[in-house]
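Asker: The structure under discussion is supplied below as structure tokens; questions concerning it will follow.
The values are calculated or read from the model by the stated rules, or taken from the named source; none is laboratory data. Everything numeric here is computed off the predicted structure, so don't read it as measured data. Glycine gets a Cβ as well: all are built from the backbone with ideal geometry, and neighbour counts include every protein chain shown. Ligands, DNA and RNA are excluded from the accessible area calculation, which covers all protein heavy atoms including side chains. Shrake-Rupley method; radii C 1.70, N 1.55, O 1.52, S 1.80 Å.
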Amino acid sequence: MKELVLLRHGESQWNAENRFTGWADIPLSVRGRRESELAGRRLRESGFTCGAACVSLLMRAIHTLNIVLAGLDRAWVPVHKDWRLNEKHYGILEGRNKKEVELEVGESLVWRWRRAYDCPPPPLPAGDERLPVNDVR
């Protein structure tokens, strides 16, 4: 029987600062690296073995996966990287503090922007360097 494990990346620097991250390529915090090591250790202790992995193109996810695979002694497994696994793009909100945005527009709207599929955050303006079309990945 095959097993599928879905694993979120460890805490990033912006997670620690309560900022909208989205496609911003922010590294893991020290805590995030420790969380990744713990995830690898727990998976190993559960008897999980990994034959292949898929990951987004964001460094926080790639670094999490590398740490987990090292903990499993499986750094050699094939890894498929795809932008389609990237986190949701938060448009004009990327980099902003979530609590500050809540104070501006209300908790309900921020919740919808974060959790609903039919209510995207405000888009980036034309020409903004953070537009996905400008991302070389």
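Asker: If you take every residue apart from W83 with its C-beta less than 14 Å away from the C-beta of W83, what net charge results, scoring Lys and Arg +1 and Asp and Glu -1? Mind showing how you got there, number by number?
Answerer: Working: positive: K81, R84, K88, R137; negative: D25, D82, E87, D135.
After counting each charged neighbour, the total is 0.
Asker: To the nearest Å, what is the center-to-center distance of segment 71-110 and segment 1-66, using C-alpha atoms only?
Answerer: 12
Asker: Give me the log10 of I(q) over I(0) for segment 47-113 at q = 0.11, 0.17 Å⁻¹, as the Debye formula computes it from C-alpha points; what are the numbers?
Answerer: For segment 47-113, the Cα-only Debye profile gives -0.43, -0.71.
Asker: Hey, what number do you get for the chain at 222 nm if only DSSP H runs of n ≥ 4 count, each worth -39500 (n - 2.57), divided across all residues, to the nearest 500?
Answerer: Details: 5 runs with 50 residues, N = 137.
Theoretical 222 nm ellipticity from helices: -10500 deg cm²/dmol.
Asker: What do you reckon, how do F48, F20 stack up by accessible area (1.4 Å probe), largest on top? All intermediate terms of the calculation are to be shown ahead of the outcome.
Answerer: Numbers: F48 30, F20 0 Å².
Of F48, F20, the descending order of accessible area is F48, F20.
Asker: Taking K and R as +1 and D and E as -1, what net charge do the other residues with C-beta under 14 Å from the C-beta of A116 add up to? Please list the in-between numbers first.
Answerer: Working: positive: K88, R112, R114, R115; negative: E107, D118.
Net charge in that neighbourhood comes out at +2.
Asker: To continue, here is another question. Show me the three semi-axes of the equivalent ellipsoid for the chain, from the C-alpha gyration tensor (sqrt of 5 times each eigenvalue), largest first, rounded to whole Å. Don't jump to the answer; show the numbers that get you there.
Answerer: Details: eigenvalues 186, 55, 37 Å².
In descending order the semi-axes read 31, 17, 14 Å.
Asker: In terms of solvent-accessible area of protein heavy atoms at a 1.4 angstrom probe, what is the ranking of Y90, Y117, highest value first? Numbers along the way, then the final one.
Answerer: Values: Y90 20, Y117 225 Å².
Sorted descending by solvent-accessible area, the residues read Y117, Y90.
Asker: What is the sum of charges around E102, taking Lys and Arg as +1, Asp and Glu as -1, for the other residues whose C-beta is under 14 Å from the C-beta of E102?
Answerer: Details: positive: R19, R96, K98, K99, R112, R114, R115; negative: E100, E104, E107.
Around E102, the surrounding residues sum to +4.
Asker: V133 versus S108, label points 7 Å from Cα toward the beta carbon: distance in nm?
Answerer: Result for the modelled spin labels: 3.5 nm.
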